[in-house]
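Just below is one structure, and these are the notes that go with it.
The values are calculated or read from the model by the stated rules, or taken from the named source; none is laboratory data. It should be emphasised that the depicted structure is a prediction, and the values quoted were computed from it without experimental measurement. Note that each Cβ is placed from the backbone with ideal geometry, even for glycine, and that neighbours are counted across all protein chains shown.
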Amino acid sequence: MNIMNPRTVGGRSDEFLNRIVTNQTDKRRAVNEAVGRVLTAYLPTAYDDQLMEQIDWLLDSMLLELGEQPGVEAAEGMVRGGRALVVTGQAGAGKSRALAHAFASRPEFHGFGKPGEWSPLLSVVAPSPFTLGALGNEIARKLGYHGQREIRHSKVWPVVRELMAECGVRILHIDEAQHGDEIKSDSMAQEVENTLKRMMQEADWPIWLILSGLPELSRFCQNDASMKRRVRVLPFEALAFPDHAEAVRQTMRDLVALCPSVGCAELQSDAFAHRLLHAATYQFGIVVEYVQDAIAECLMVEGGGELGVGHFADVYAIRTGVRNDDLNPFVSEDWTAIPVEAALYEDVLDEAGKPTGARKPKGRNTKGAAK
């Protein structure tokens, strides 16, 4: 079996991408540029300010604990351990995107996500199916461990703690952290919590945590009186109708404004806002995705024009695989009775192909570029 040099493969991949760009028509290029602006746009919410305040708390606690706050004399043996910020919300609430935006915009995390640059922040996605050993190995790989075999469960976390110190990483972000709840054994679930607590309480190199995931994650360390005061929970709440109807309309206007060839005047009613909220399970992040994908559909298929209900109905059908208009909340007369959660989410399976009891959002299956 011939195995190609990764550099050669990478070079050929770049060449292939250059061929695509070279052979784009002017129309394709213009459409893709507009779609790119829409898909990469970040729309701030009230949670952005709250998230920044909680990150301030996390960083300020680090200065105090490590005796580095100017004007405050460090007490001998003052370091008592790190803190944890737990960000919760239903799938699609927008928490992961908000965190990614905060990580990229905070000067304290400069270098985050940039290959070859140092950052005090490391972000990983909890594996699913979940095991403590799999999480430890994922962190180790992110920290530069390149062993041919996975490190054994009993050995991996001391390696992780050593690598965190060697790499100068002070903050560990674990996304989809609720995957730890896939562990059915209470003793194993407790071991996960104890392992993370030990990292926070490490005398030589304490770690500060940011955990993000579903609402059940708010239970982290709540049964431990000594740790409970070290944990703050920031919930991203679901939207509601009619309270957030205007916010939905403003979201649509803001995204459409990025594409002068697209309009949305016909979709500024409360009735449509209600349908969109229901289709998005009342989660802000999914509302944004629907609007982005509907604009992309309008641009790619028609080159622009007025955004219509049909574009949203098509996006829902593409995303969920539901082809029956009676089951599409954008066009059905009995749309409030449609259980959209069942269409938007799928079961997480274990290695044997059996449901774990957890669910994950289906991927966004938008169409390819216009010709």
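Let's see how each residue does on (1) assigned by TED's automatic domain parsing to the domain that holds I55; (2) at pLDDT 95 or above; (3) farther than 28 Å from G113 by Cβ:
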residue: V169; (1), (2), (3): yes, yes, no
residue: D175; (1), (2), (3): yes, no, no
residue: Q190; (1), (2), (3): yes, no, yes
residue: R198; (1), (2), (3): yes, no, no
residue: E202; (1), (2), (3): yes, no, no
residue: L217; (1), (2), (3): yes, no, no
residue: R230; (1), (2), (3): yes, no, no
residue: V248; (1), (2), (3): no, yes, yes
Conditions (1) at pLDDT below 95; (2) closer than 30 Å to I210 by Cα -> Q24 fails only (2)
Return the total of residues in the range 125-137 being surrounded by fewer than 18 Cβ atoms within 10 Å (Cβ to Cβ) and within 15 Å of V169 (Cβ to Cβ). 0
Here are G92, G67: which of them is in contact (Cβ under 8 Å) with a residue 12 or more places away in the chain, surrounded by 14 or more Cβ atoms within 10 Å (Cβ to Cβ) and on the phi > 0 side of the Ramachandran plot? G92
Of all residues making up the range 256-269, the number that are part of a helix (DSSP H, G or I) and either more than 27 Å from L344 (Cα to Cα) or within 29 Å of the chain's Cα centre (by Cα) (or both): 3
Are there any pairs, at least 6 apart or on different chains, whose C-beta atoms fall under 6 Å, with the first in the range 281-298 and free of Cβ contacts under 8 Å to residues at least 24 places away in the same chain and the second part of a helix (DSSP H, G or I), and if so, which? A294/H311; A294/F312; A294/V315
Pairs, first assigned to a loop (DSSP other than H, G, I, E, B) in the range 115-127, second exposed (fewer than 15 other Cβ atoms within 10 Å of the Cβ), C-beta under 7 Å, six or more apart: E117/G111; W118/G111; W118/G168; S119/H110; S119/G111; P120/G168
If we keep only residues of the range 298-323 that are among the β-branched types (V, I, T) and in a helix (DSSP H, G or I), then the residue nearest to A30 (Cα to Cα) is V301
Residues being out of contact with any helix residue (DSSP H, G or I) (no Cβ under 6 Å at 6 or more places or on another chain) and crowded, with 20+ Cβ neighbours inside 10 Å: count how many of those fall in the range 252-267. 2
Count of the range 86-114 residues which are in a helix (DSSP H, G or I) and not small (G, A, S): 8
